[in-house]
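The values are calculated or read from the model by the stated rules, or taken from the named source; none is laboratory data. Please read all numbers here as calculations on a predicted model, not as lab measurements. Glycine also receives a Cβ, built like all others from the backbone with ideal geometry; neighbour counts cover every protein chain displayed.
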Amino acid sequence: MRHDIIADMFSILKNAEAIGKDSCTTPASNLIKNILLIMQKEGYIGEFEHVPDGKGGTFKVSLAGRINNCGAIKPRFSVPKTDFIKWEKRFLPAASLGLLLVSTSQGVVSHKEAKDKGIGGKLLGYVY
C-alpha cells in the first residue's frame, strides 16, 4: 500500500541510478507524469512511457545517469515567490546546481520557472 507516491517515485529513481540500471518502472499518476516531464526537460532522465495495467499503470523510465540525489520534501512547505533562495540553500548543493519541484496554481514547475513567472507554491521535491 502506497502512502506517498512522490517519495516512492524518487526512491525508485535514486536506487536504480545508484546500482547503474539504464531503466526502471515507477508508479503512474498525473502528478508523477508532470514531475517526470520537468526532469526530462532538464536532462535528468531520458524518455518515459506509460505502461497500462489494471491498477492505473506504471511509467517505464529511461535513466540518463545524471541523478546524484533526489527526494520528496515533507512536509510540503509553502514558498512565497520571494523565498526560493532559502529553500535552494537548504536542499540543493549549490545555487546553480539542481532544481526544486514546486506545485503552483499554474501546475508543477521547477523553482527556476516559478521565479521567472513570479509565483509561489508548495515544495514537492528536489533533484540534482
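Could you pull out the residue among Ser11, Ser29 that is hydroxyl-bearing (Ser, Thr, Tyr), surrounded by fewer than 17 Cβ atoms within 10 Å (Cβ to Cβ) and touching a helix residue (DSSP H, G or I) at 6+ places or on another chain (Cβ under 7 Å)? Spell out how you get there, then give the answer.
Values: Ser11 fails: touching a helix residue (DSSP H, G or I) at 6+ places or on another chain (Cβ under 7 Å).
Only one candidate passes the filter, namely Ser29.
Sort through Ala64, Ala72 and tell me the only one that's surrounded by fewer than 16 Cβ atoms within 10 Å (Cβ to Cβ) and among the hydrophobic types (A, V, I, L, M, F, W, C).
Working: Ala72 fails: surrounded by fewer than 16 Cβ atoms within 10 Å (Cβ to Cβ).
Matching residue, one of Ala64, Ala72: Ala64.
Go through Ser105, Ser96, Ser110 for me and flag whichever is among the polar types (S, T, N, Q), touching a residue at least 12 places away in the same chain (Cβ under 8 Å) and closer than 26 Å to Ser11 by Cβ.
Details: Ser105 fails: closer than 26 Å to Ser11 by Cβ; Ser96 fails: touching a residue at least 12 places away in the same chain (Cβ under 8 Å).
Step by step, each of Ser105, Ser96, Ser110 is checked, and only Ser110 is among the polar types (S, T, N, Q), touching a residue at least 12 places away in the same chain (Cβ under 8 Å) and closer than 26 Å to Ser11 by Cβ.
Could you figure out which of (1) surrounded by fewer than 16 Cβ atoms within 10 Å (Cβ to Cβ); (2) hydroxyl-bearing (Ser, Thr, Tyr); (3) modelled with pLDDT of 95 or more isn't true of Ser96?
Going through (1) surrounded by fewer than 16 Cβ atoms within 10 Å (Cβ to Cβ); (2) hydroxyl-bearing (Ser, Thr, Tyr); (3) modelled with pLDDT of 95 or more one by one, Ser96 breaks only (3).
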